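One structure is given here, and the rest of the page talks about it.
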Amino acid sequence: MTRVLVVDDETAIRELVGMGLRYGGHEVAEAGTGREALESFRRDRPDLVVLDVMLPDLDGFETARRLRALDRSDLPTPVIFLTARDATGDKVEGLRLGGDDYVTKPFSVEELLARVDAVLRRVRPASGDRPVLGFADLTLDEASREVLRGGRRVELTATEYRLLHYLLLNARRVVTRQQILEAVWDYTFAGNASVLETYVSYLRHKLDDGEEPLIHTVRGVGYCLREARR
């Protein structure tokens, strides 16, 4: 049974979300403030956090930053932001902090449950054989989630890892922005190419680090993982 920490200052929303999650087979812990969330996280280490952005003490973004600082595991605890703020800037900021999804109020409990299950499927390794994916001097071990570039370990957030995993599965193929958004986030950010561009920029910075670039932009289409043409 997975443990989900629900953080919202509105008791009615916490109870509604908690009831839906329990019905869906999850164990639930609740917190009404950012500091309560941090204490609960330290004590019980949940499998996923549903985090409201508008909290009375620390806002959700600052709470997420502190959660990431507490979480030293190879597989960071995923975070779904839950808020009434639907501005593109807020979404980009949440995802920049390593958020795995962003649900705006009002929302249906069914939609939130589907998002929770989708995120957990993405971050949990599938059972059975898990191969090592590789291209050029880049390797990704699906069992340990270790990424190496030329023997150098590359530390990635959960979202960066999923993006790289998808590009490796499609190495040498051009994949469109829409295909990447649907595969990595399970839904589309309508008209919001900046989210994807931001994560590609993060990934390039971490992978290249003075080495030959592997992620190439195909103007007007998307991206391709390949070696530089000579």
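Only a single item in (1) among the β-branched types (Val, Ile, Thr); (2) more than 20 Å from the chain's Cα centre (by Cα); (3) under 14 Å from LYS105 (Cβ atoms) is not met by VAL53, and it is number (2).
Checked against (1) at pLDDT below 85; (2) over 19 Å from TYR202 (Cβ atoms); (3) not aromatic (Phe, Trp, Tyr), VAL92 passes all but a single condition, namely (2). Of all residues in the stretch 178-197 being within 24 Å of ALA136 (Cβ to Cβ) and surrounded by fewer than 20 Cβ atoms within 10 Å (Cβ to Cβ), which is modelled with the highest pLDDT? That would be GLU197.
For every residue, the table says whether it meets (1) in a helix (DSSP H, G or I); (2) not small (Gly, Ala, Ser).
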{"position": "LEU5", "(1), (2)": "no, yes"}
{"position": "LEU16", "(1), (2)": "yes, yes"}
{"position": "MET19", "(1), (2)": "yes, yes"}
{"position": "GLY25", "(1), (2)": "no, no"}
{"position": "GLU30", "(1), (2)": "no, yes"}
{"position": "ALA37", "(1), (2)": "yes, no"}
{"position": "PHE41", "(1), (2)": "yes, yes"}
{"position": "LEU51", "(1), (2)": "no, yes"}
{"position": "MET54", "(1), (2)": "no, yes"}
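The values are calculated or read from the model by the stated rules, or taken from the named source; none is laboratory data. Only a predicted model underlies this, so the values are computations on that prediction, with no experimental measurement involved. Cβ atoms come from the backbone with ideal geometry, glycine included; neighbour counts cover every protein chain shown.
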